[in-house]
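Below is one structure, written out as structure tokens, with a few remarks after it.
Readers should treat all values here as calculations from the given coordinates under stated rules, not as data from a laboratory. Owing to the predicted nature of the structure, the values given are computational and were not obtained by experimental measurement. Every residue, glycine as well, gets a Cβ built from its backbone with ideal geometry; the counts of neighbours run over all protein chains shown.
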Amino acid sequence: MENRGIESDKRTRSRPAIARRSCDQCRSRKIGCDRGSPCSNCVVAKVNCTHSAVASNTSTPKQRVLISAQYEKKIDDIAKGIEGIKLILQNLDSAQIPKSAPNALTSSGAEASAPPLITRDSIATNVSSFDHSAHVIDLLKSVLEDGTVTSDVSSPETSEVVSSLTDLTRTLEDPSSGGNHRSRDRNVLKGGRNEDPQMPPVKDVLEILRWVRAREHFFRITRISRVLPTEYFAEVCRKMYFAIDDYTEIDFVLANGYLTYIFAEHLITTGLNDYREHWLMCRKNLHDAVARLPLLLPASMDAVAALTLAAYDAMENAKATVAWSLISSAASLCQTLGYHRPSTRRRARDGSFASTDMQESLFWSVYSLDKGLSLQLDRPPNIRDVDISFPFDPDSQPRSIRLARIQGKAYEQLYSPQGLSRPVLERGHDAEVLATQLREMIRDVHVDMENANNRDPDENEDPLRVLYLQCHLVCHTSLLTLILRAIPSVGSSPSGASDECVAVARLALEIHHQCMTSIRNCKSDPQIVNKYISWAILNMPFVSFSVLFLHAVRTADDADLAVLDRFARSLQPEDQASDCSTHPHRIYKLLCKAARLHIESKTGEWDGSMNQHSLESLLDIDVPDAHGLETIRHGNESSDADGSGLGNWYREQQHFLGLLNEDAFQ
């Protein structure tokens, strides 16, 4: 090729130079010129024959580009650059996905730079503090700021009670009190990036999947199957264990979230410890994977399901505000995908159109959590009923969806800022309607319990069905208490609540006592106690205690105080080491102690010098300061007989339950 180029250059240089070009007139007319002087064409046309200067052949020969050699050099440079980029990426401290998932969601530039959705520490289950409903801290503050329990601050016992209450309030209201609660565990993130995560053996996973397939009618398995069908989860697990193609971080969350759930269900149902290590392993994988999720996730059915599973896990571990963050993201993705509109269909993970029923079931799972957490945390729901175009038939909808709609209406019509500003009678009428609907649900639960108790024992039946129905009764009755509190009382009421509201509050605590007795007596895993406390006590607006507490204090009712004491004792954990300062048992016990001191001081039965039962030593709480107590006034100034003080009462309940919800204000 090079020789031919040289010979071509020689031939070009050897041609004779053109002495004269065509004349200017012939060139402009684009006709042939004989190059005469003048040319024949100009003579015939009788015009001047002019010639421009003839360009000399002064151009230098062009250098032949050696394409192969130069391109090889450029390719070598590109290869070196890629190697350098690889080294830089390997040294980055940013969150990475498991080694076996190179094409995970964080691979794109926009997502890789996004902050994690939630930190690992905030979803860890081995915690020293508890998330509780935002109602709790209000009642606690009303005890401190109101004015009666603290009438005699000179007594050591009263001073210790107030100090403990104040210290707990300050500790859990201060966002910085959590220390490194919000910090990221970078060692865990690096471990997830550089090492393949451990997973349970394939044999055990296959066994647990077969176990679940035969028990899809069990209560808790039915609930998780509404997120995604069992077969869908099995397919995700199959993709994880037999990864022909690399799996994504969402796949990892789905698989470990589902396995965590069903391993825990096996522990609770059978009481066997065969799979305890697998449950702990998958739970750790789930928490680490959720901590690595970017803030902005692609809109897909799998992403919605993964966030919902993570929210379930946070709820069962008393992390309501973490669950709120997760379910808020899931609700946003649902609306982006159009799941609240029945005509919209989106593609599934394999590119095919997912079943409309599957999308609808997933949407209602998100909806139920969203409404419950909204009422619990006193926050507007992410999904409004007016935006949903699904036809709603109460007779065909599961009980969980009907309950969620009542919770949503209770917040919107009764306790939202707009609801609290409505006329008292109008708000009371709506509360009566909601109470009627909820009473019907409670009757349905009683019928189901009666049928379950009368049924002959069957090994294929859910052994904990009656227990779960009792838990439903606790939640429903507590919600009924909250709704009835919005109905103005007839005549004077010391606590501002109607007689029916106080009676239902007593009933809720009695049902709770029966439920806890059943839980303690059943031969199951101890985890069931924690799950019950998380769902029925912490993650529901458990106002029954506060309603009866105010009634007992303002009427000096020893019988009601005994009910409150029994409730507090029932929450005491079997493991004393887990009884941290923010455990529900400690806080409710402390409030009962404060109420009893107030009643004894009013009746004159209390010796102010009595200090052998020091509250500080009893609760093992370090109290840095002593704060004077003010006593609870006999009635809230704004809580008059017609119920106009509902807003103040509700805000007090929010403060009270916020004490148990350590990061409700963070």
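Quick one: Karplus J couplings for segment 438-443, per residue in order, coefficients 6.51, -1.76, 1.60, θ = phi - 60°, nearest Hz, x for Gly and Pro?
Couplings: 6, 4, 4, 5, 5, 5 Hz.
Can you give me the Cα centroid spacing of segment 449-522 and segment 286-335 in angstrom?
So the separation of the two Cα centres works out to 30 Å.
Within segment 424-457, list the trypsin sites (Lys or Arg not before Pro) lying in a DSSP loop whose Cβ has at most 16 other Cβ atoms in a 10 Å radius.
Sites meeting the loop and neighbour criteria: Arg455.
Whole-Hz ³J(HN,Hα) for each residue in segment 546-558, computed from phi via Karplus 6.51 cos²θ - 1.76 cosθ + 1.60 with θ = phi - 60°, x for glycine and proline: what do you get?
Those phi angles translate into 5, 4, 6, 4, 5, 5, 5, 5, 7, 10, 6, 8, 5 Hz.
What is the Cα convex hull volume of segment 317-454 when expressed per residue in Å³?
154 Å³
Per residue, how big is the convex hull of segment 424-577 when only Cα atoms are used? Give it in Å³.
Details: hull volume 19.4 nm³, N = 154.
Residue-normalised Cα hull volume stands at 126 Å³.
How much of the calculated P(r) for segment 245-288 lies past 12 Å, in percent of all Cα pairs?
Of the Cα pairs, 56 percent sit more than 12 Å apart.
³J(HN,Hα) across segment 481-492 via Karplus (A = 6.51, B = -1.76, C = 1.60, θ = phi - 60°), whole Hz, x for Gly/Pro?
These are the phi-based 3J(HN,Hα) values: 4, 5, 5, 5, 5, 7, 8, x, 6, 8, x, 6 Hz.
Please report His446, His278 as a ranked list, fewest other C-beta atoms within 10 angstrom at the top and most at the bottom.
The fewest-first ordering by Cβ neighbours comes to His446, His278.
Using +1 at the C-beta of Lys and Arg and -1 at the C-beta of Asp and Glu, which of Gln470, Leu438, Val424 has the Cα lying farthest in the positive direction of the dipole of segment 351-495?
Among Gln470, Leu438, Val424, the one farthest towards the positive end of the dipole of segment 351-495 is Val424.
If I model a spin label as a point 7 Å beyond the Cα along the Cα-Cβ vector, how far apart are those points for Asn48 and Trp211 in nm?
In this crude label model, Asn48 to Trp211 measures out at 11.0 nm.
What are the semi-axes of the equivalent ellipsoid for segment 264-312, taken as the square roots of 5 times the Cα gyration tensor eigenvalues, largest first, in whole Å? All intermediate terms of the calculation are to be shown ahead of the outcome.
Working: eigenvalues 148, 31, 8 Å².
Working through the eigenvalues yields semi-axes of 27, 12, 6 Å.
Taking the number of other C-beta atoms within 10 Å as the exposure measure, put Cys522, Cys23, Cys334, Cys515 in order starting with the fewest. Before the final figure, lay out the partial values.
On the way: Cys522 15, Cys23 24, Cys334 27, Cys515 21.
Sorted ascending by nearby Cβ count, the order is Cys522, Cys515, Cys23, Cys334.
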